[in-house]
Amino acid sequence: MESTLVFLTIVLSTFLALFLLLGIILLVKSIQIANKVQHMAETSDSILHKVEDFAGFLQKTSGSLAVGKLVTKIVDHLSHKQTKDKGDK
């Protein structure tokens, strides 16, 4: 009977040690994955802020670009008209 108890104790302690080791490994891997996910989230947040800043820049300069296009069209139209008038003479 005592040999059975010793055998059972050895088997149970071995399984307990294995589960403890697997738990530690799982915990370490979970922490590593969480750190990688956090790094990815910080990177995506940084990219989002850069895109937002760029969109704000485009929004601010879109008015200037529209005025520039208008001036360019007027100059092109006037220069084309002057060239056409000179060609008619």
From the options Gly56, Gly63, residue that is in a helix (DSSP H, G or I), surrounded by fewer than 10 Cβ atoms within 10 Å (Cβ to Cβ), free of Cβ contacts under 8 Å to residues at least 40 places away in the same chain and not basic (Lys, Arg)
Gly63
When you check Ile25 against the structure, is it surrounded by 10 or more Cβ atoms within 10 Å (Cβ to Cβ) and at pLDDT 95 or above, yes or no?
yes
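The values are calculated or read from the model by the stated rules, or taken from the named source; none is laboratory data. Since the structure is predicted, the reported quantities are computational estimates derived from the model, not experimental observations. Don't worry about glycine lacking a Cβ; one is built from the backbone with ideal geometry, like all the others, and counts go over all protein chains shown.
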